[in-house]
Amino acid sequence: MKKSNHTPSGAALTDLILDLFKINNQLLTAGDRLVGDLGLTSARWQVLGAIVAASAPQPVAWLARDMGAHRQNVQRIVNDLEKSGLITNEPNPHHKRASLVVLTKLGQKTFDDAMSLQALWVNDLTNGLTEKEIRMAHKTIGRLLQKLETSSKTADKN
């Protein structure tokens, strides 16, 4: 095997990135199982969460930006959520073609039910972990995310 040119920190970050890929896959699978009986997938749940987190109804492009996702992927999921009666699209007074995504009462209830299931699941998942360990991991991942976003913006300018 070819020798790596990684610094010790670079090698450690590579190991973390590989673990994050694995954990992402495991979280998506667990999320699908957790909310499947509600008619959701992890992707649909995530979009519902972005809608709930928004301070006001937003167009799909803004939701995608806030999620760090591609607009086309979010649009496909929004279309599915609309067919399920969980969201509706309303006219946008600022843009004729970019309608605003609005949660329906059924969408809010479904999201609330998903979050109730999530609270039980995540509380159980914390067994054996301290709050300090979790907060440190969150801080580290947050710093990496910030560096990636800064790096991405710099690359986009070039």
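The values are calculated or read from the model by the stated rules, or taken from the named source; none is laboratory data. As the structure is a computational prediction, the values presented were derived from the model and not from experiment. Glycine also receives a Cβ, built like all others from the backbone with ideal geometry; neighbour counts cover every protein chain displayed.
Inspect region 108-125 for any residue being part of a strand (DSSP E or B), free of Cβ contacts under 8 Å to residues at least 60 places away in the same chain, surrounded by 13 or more Cβ atoms within 10 Å (Cβ to Cβ) and more than 18 Å from the chain's Cα centre (by Cα) and give the result as yes or no. Scanning region 108-125 turns up no residue that is part of a strand (DSSP E or B), free of Cβ contacts under 8 Å to residues at least 60 places away in the same chain, surrounded by 13 or more Cβ atoms within 10 Å (Cβ to Cβ) and more than 18 Å from the chain's Cα centre (by Cα).
Going through region 142-158 one residue at a time, which ones are modelled with pLDDT of 90 or more, within 15 Å of Gly68 (Cβ to Cβ) and not hydrophobic (A, V, I, L, M, F, W, C)? Within region 142-158, Gly142, Gln146, Lys147 qualify. Take the conditions (1) crowded, with 16+ Cβ neighbours inside 10 Å; (2) closer than 16 Å to Leu40 by Cα; (3) not aliphatic (A, V, I, L, M); Ser99 misses just one of them, which is (2). Evaluated against (1) buried (at least 16 other Cβ atoms within 10 Å of the Cβ); (2) closer than 28 Å to Thr140 by Cβ, Ile87 falls short on exactly one condition, (2). Against the criterion of being among the hydrophobic types (A, V, I, L, M, F, W, C), in contact with a Ser or Thr (Cβ under 7 Å, 6 or more places away or on another chain) and within 30 Å of Arg143 (Cα to Cα), Leu28 qualifies. Can you find even one residue in region 128-141 that is more than 16 Å from the chain's Cα centre (by Cα), at pLDDT 95 or above, crowded, with 16+ Cβ neighbours inside 10 Å and among the aliphatic types (A, V, I, L, M)? Checking region 128-141: not a single residue is more than 16 Å from the chain's Cα centre (by Cα), at pLDDT 95 or above, crowded, with 16+ Cβ neighbours inside 10 Å and among the aliphatic types (A, V, I, L, M).
Quick check on region 53-74. Is at least one of its residues β-branched (Val, Ile, Thr), surrounded by 11 or more Cβ atoms within 10 Å (Cβ to Cβ) and touching a residue at least 24 places away in the same chain (Cβ under 8 Å)? There is at least one residue in region 53-74 that is β-branched (Val, Ile, Thr), surrounded by 11 or more Cβ atoms within 10 Å (Cβ to Cβ) and touching a residue at least 24 places away in the same chain (Cβ under 8 Å). Residues of region 30-52 that are in contact with an Asp or Glu (Cβ under 7 Å, 6 or more places away or on another chain) and either more than 16 Å from Val122 (Cβ to Cβ) or loosely packed, with under 13 Cβ neighbours inside 10 Å (or both): Leu38, Thr41, Arg44, Ala50. Per the conditions (1) closer than 22 Å to Ile23 by Cα; (2) outside any helix (DSSP H, G or I); (3) polar (S, T, N, Q); (4) touching a residue at least 24 places away in the same chain (Cβ under 8 Å), the sole criterion not satisfied by Ser99 is (1).
Does Asn89 fit the bill of being assigned to a helix (DSSP H, G or I), under 22 Å from Leu40 (Cβ atoms) and among the polar types (S, T, N, Q)? No: the conditions fail for Asn89. Filter region 1-30 down to residues that are in a helix (DSSP H, G or I) and hydroxyl-bearing (Ser, Thr, Tyr) and give me whichever is farthest from the chain's Cα centre (by Cα). Out of the qualifying residues, it is Ser9. All conditions in (1) more than 30 Å from Lys147 (Cβ to Cβ); (2) assigned to a helix (DSSP H, G or I); (3) β-branched (Val, Ile, Thr) hold for Val52, with the sole exception of (1). Quick check on region 10-29. Is at least one of its residues over 23 Å from Asn123 (Cβ atoms), among the β-branched types (Val, Ile, Thr) and surrounded by 13 or more Cβ atoms within 10 Å (Cβ to Cβ)? No - not one qualifying residue is present in region 10-29.
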